[in-house]
Structures are given as C-alpha cells and as structure tokens.
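J.: One structure, pasted below without further comment.
Any read-out appearing in this document is the output of simple, stated calculations on the displayed coordinates, not a laboratory observation. Note that this is a predicted model, so its numbers are computed, not measured. For neighbour counting, all protein chains shown are included, and Cβ atoms are generated from backbone atoms with ideal geometry for every residue, glycine included.
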Amino acid sequence: MALAQITDSGPIGAETTQRGGPLSRWASQHAATLILGVLLLLLPTVTGDFILVQVAGWAMILGIIALSLMFLAGYGGMVSLAQMTVAGVSGYMITVLGASSLPTISLFWPWWVAAPLAIVIAVAFGTLTGALSSRTEGIYTIMITLAIAAAFFYLTLQNWPIFNGFAGFTTIPAPVAFGINWKHPLPLYYLILFFAALSYVAVVYVSRAPFGLALQGVRDNPRRMEAIGYNVTAHRVAAYAFAALLAAVGGILMVWLNNQISPGSAGIEATIDLLVIAVVGGLGHPIGAFVGAIIYVILRTFALDALVAVGLDGRRFQTIIGLGFLVIVLFSPDGVIGLWRRWTARARSAQERNGP
C-alpha cells in the first residue's frame, strides 16, 4: 500500500492541470517566498541599522523558532508549546559555556566549541520533550509541553548558581570569525538571513523526503500507518528532534542579537507569542512562520508609537496585536498564507476563464 504523497503545495501531480510551463507553475506556487527573499536580500540598501537588526533580524529569528512549531503542527499534527523553551535552553547553554558578563558562572570556552555543544544539549532536551509528549494527542500534548515550558521558566528564574536567576546574563559577544565581527549590524543581518533561508530549505526538503511524507501520514491516520509497519512514536520523536535543531539555532542567534538572555526570553508570554506568530502566518506552509513573525514584530515595534500619536495609552499595544490576531484567524483560519493562496487561485482562475 503506497503512502499518499502530499507536499506543502498540495498533492503531487495536482499542478499538472494548471496552464503554463513547469517554471511558471513553480514561480506561481512559491511567489510569496520569492518576493520575501528578494526584499530581504535588498533591505540593507534602503534602510538603517535599527530596521535591519531590531525589526528584520529579530523577525527572522522568531521565524526560525516559529518554523520549528510549524513543522510539528503542520506536518506532524503536534502543537508543542516548548519550542521557545528549546531556544531558551540553547541560548542559556551558549552563555554558560561561552562568554558573558559573569566570569563566576560562564566557562568562556571558544564559540566554535560552545555553540555546537549548546545545540546538542538543546536538541537532547527537545527530543526528551518529544519522548514525553509524543504518545499523547491534542490538548494533552499542549498541556505536557506547556508544563515543561513553565518548569524551565521557574528553574531559570529561581536558580542563581547556573542561570543567575531573574537577572540572567548580559554582554554576550557574537563571534569574530573569518576576519569579520558578526556583532556588527550588516554581518549579523546576513548571518541571520543565511540561517533563516537554510532552515526554510531544510523544512521544505524534509517535508518532501520519505520521512516527511511518513510523518504527514502519521498526522492524518496514525492507526493506518502503524498497521502498515511504520513506528508512529519513533517518527514523532524524530520530528521533535528535527524541530529542536531549528529552535536551538534560533536560540543562539537570539542571544547574539539581543546581547542578553533572561527567564523572560523563554517565558510563558514568549511561548504564547510564538504560537500567535505561527497561527497568524499559517501552519500550512513553512514561509508562514516568517510572514507571521514579520507582522508580529512590526506591530510590537510600532504599535506603541502609533497609539501614543493618536492620544491613547501606549501600553495598549498588546490589544492591537490581539485584535490583529483575531481578525486574521476569523477571516482566514489558515493564516495570511491561506489568504495569499486563495487570492492567487482566484486570479489564476479568472485568467484561465478570460483565456490568452
């Protein structure tokens, strides 16, 4: 019995009904990705350091971490609220193993040793989280991963010898390698962009590989997959491990960009924000994680100033974010990417009706 081949753009072969050559079909399916990629590549030529790093760079980091959540939820049917926690583990570990403002805690190992070890520890943590939660479904998975996130938050908040309590760590240097100081805005931006693109390509590739197709089968019908010989639990745990790798990379970039980490960096509020980003962007396509992150960061950065400009309390910016989330979810349950797909589908249908 063959496993149904499903990709992020629909069942394989469905595009053969569209007009145009293979290149035009591919471009129409990935138009949002192409447009976003070109804009990000050219952004340094038209903007300053603040927009470059604190808006675009921060959005891409959140997008990488949200991409790990999108992979689990979109392809595996598992909503994990521990992905920001995995990023926090990675961020804390590179601080403890590497350099910071606290020589009594940090070991000051070189970054090329601290960073891989931090990723390995975070992936192990994410895999263990998957082993604990992969045998459950629905609300039970959400509650287990939320409990793990809360436990890590209070561990970092109350533990001073290892995590420096609520104060956290500051003055965390980005690496200097190949003669480049990666803390400078332009190199840091392109470093983040490189890993964002790499993460996106990795998720697209894995989703179409045999493992990804089997994972989607587990999502759709786990009993049937188990009956034909697939190990459902092993596929789910492996998915958590892969997602943890993405989140771990995002956690290290988060520390290098912000130059600090504290319990709030991976707290419950940050966890909920990550879920909002993934849902607003759309769980049906990897690019949705980055689109949702861009929308979130723009609102969070400029909503406060906009409210003050019209005479309202600037502290109400969370209300603006919440209203935006509700509007998008009400009109498009599959997020902004769902709106884009429906718009392009209508435009293509109108073009076909009108003829050449």
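J.: Length gain on complete extension for the stretch Trp112 to Ile272, per 0.36 nm per residue less the alpha carbon to alpha carbon distance? Walk me through the intermediate numbers first.
T.: Working: separation 160, 0.36 × 160 = 57.60 nm, distance 3.18 nm.
Between Trp112 and Ile272, full extension yields an extra 54.4 nm.
J.: Here's another thing I want to ask about it. Rounded to the nearest 20 debye, what is the charge dipole size of the chain about its Cα centre when +1 sits on each Lys and Arg Cβ and -1 on each Asp and Glu Cβ? Don't jump to the answer; show the numbers that get you there.
T.: Working: 17 positive and 12 negative charges, 134 e Å.
The calculated dipole for the chain is roughly 640 debye.
J.: Report the extension gain between Ile51 and Glu352 in nm, rounded to one decimal, defined as 0.36 nm multiplied by the number of residues separating them, less their alpha carbon distance.
T.: Length gained between Ile51 and Glu352: 104.3 nm.
J.: By average Cβ neighbour count within 10 Å, what is the ranking of 275-284, 256-265 from highest down?
T.: Result, highest mean Cβ count within 10 Å first: 275-284, 256-265.
J.: Something else now. Could you list the residues of the stretch 85-111 with an amide nitrogen less than 20 Å from a label point located 7 Å from the Cα of Asn159 in the Cα-to-C-beta direction?
T.: 85-109
J.: Among all helices in the chain defined by DSSP H, which have a length of 30 Å or more along the axis from Cα atoms plus a Kyte-Doolittle mean of at least 1.0? Walk me through the intermediate numbers first.
T.: Values: long enough: 111-133 (32 Å, 1.75); 185-208 (35 Å, 1.53); 232-258 (39 Å, 1.51); 287-309 (33 Å, 1.99).
Helix filter hits for the chain: 111-133, 185-208, 232-258, 287-309.
J.: I would also like to ask the following. Hey, how many Å between the Cα centroid of the stretch 316-356 and the Cα centroid of the stretch 184-262?
T.: One Cα centre to the other: 25 Å.
J.: Rounded to the nearest 0.05, what FRET efficiency is calculated for Ile298 and Ile228 with R0 set to 45 Å and r the Cβ-Cβ distance?
T.: Between Ile298 and Ile228 the formula returns 0.45.
J.: Now a separate question. Please give the FRET efficiency for Glu137 paired with Leu41, using the beta carbon to beta carbon distance and R0 = 35 Å, rounded to the nearest 0.05.
T.: Numbers: r = 41 Å, r/R0 = 1.16.
Efficiency computed from Cβ-Cβ geometry: 0.30.
J.: Multiply the residue separation of Val327 and Asn181 by 0.36 nm, subtract the distance between their alpha-carbon atoms, and state the gained length in nm to one decimal.
T.: That pair, Val327 and Asn181, stretches by 48.3 nm at full extension.
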